[in-house]
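See below for the structure under consideration.
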Amino acid sequence: YIDSLARDIYDVIFSDQNIGYAVGTGGLIMKTTDGGTSWVEQNSGVTVTLWDVDFINTNVGYAVGNSGNILKTTDGGSNWTLSTNGTTAIYKVHYVNDTLIFLGSASSTTGRLLRSTNAGSTWENITANITGLDGTVRGIHFFDADTGWISNSTGKIYKTTDGGATGAIIYNIGSTTATIYEVKFIDAEIGYALTTAGRVLKT
């Protein structure tokens, strides 16, 4: 526990059993190299809330947050490079492989669902590819480069089987105010989702 860093934490990711990262309010990024026993603050260079973090290996990762902020590190978090995509909060970043990355946002202009096929050098708005995708994208999980699931703030889960080229709703809570914050699959069939009102969904 670091008293000076007593801020809200919104996501934690481990790249192996020892190395992990946490992000949160005020541009907070912390790193552990001992499995979470101790944490050290990293210099993110921003003060906006960071909502999500993901690493493809122990050195290369992204953190995303408010005002369209996209932070990338290639040296295990020692340095972070800032870029932006629009001005709307980006809530989710998901690495599929070294080159394929997805972002989830709330913007109908710059994209609720964004895809990079070149390790983040450029981002493509693929929202229109997913039939009926609305609200804010809060959850993204791909089992492989083709098969993935997207969840949103209007109670829906969408599935794509061609890497985001097309996709459609596969589940609808039936309430436009129910956010599905996270969706995760342990294999191609078994998955879980977390929602408002304490719901845990399983397929």
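Values computed for the structure shown
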{"read-out": "Extension gain (nm, one decimal) between Asp146 and Asn59, 0.36 nm per residue minus Cα-Cα", "value": "28.8 nm"}
{"read-out": "Anchor Lys202: aspartates and glutamates whose Cα lies under 13 Å away (excluding residues fewer than 8 positions away in-chain)", "value": "Glu182, Asp187, Glu189"}
{"read-out": "Accessible area (Å², 1.4 Å probe, nearest 10) - Arg115", "value": "40 Å²"}
{"read-out": "Net lengthening on full extension, Ser175/Val40 (0.36 nm per residue, minus Cα-Cα)", "value": "44.5 nm"}
{"read-out": "At R0 = 35 Å, FRET efficiency that the Cβ-Cβ distance of Thr74 and Ala188 yields, to 0.05", "value": "0.65"}
{"read-out": "Top of Thr147, Thr37, Thr84 by mean-square fluctuation, Gaussian network on the chain, Cα under 10 Å", "value": "Thr37"}
{"read-out": "List Ser121, Ser153, ordered by accessible area with a 1.4 Å probe, largest first", "value": "Ser121, Ser153"}
{"read-out": "Computed magnitude of the charge dipole of the chain (debye, nearest 20; Cβ of K, R +1, Cβ of D, E -1)", "value": "560 debye"}
{"read-out": "Filter on Lys31/Lys156; Lys72/Lys159; Lys31/Lys184 - keep pairs with C-alpha separation over 30 Å", "value": "Lys31/Lys156"}
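The values are calculated or read from the model by the stated rules, or taken from the named source; none is laboratory data. These figures come from a predicted structure and were not determined experimentally. Heads up, the Cβs are rebuilt from the backbone with ideal geometry, glycines too, and the neighbour counts pull from every protein chain shown. Only protein heavy atoms, including side chains, enter the accessible area calculation; ligands, DNA and RNA are left aside. Shrake-Rupley method; radii C 1.70, N 1.55, O 1.52, S 1.80 Å.
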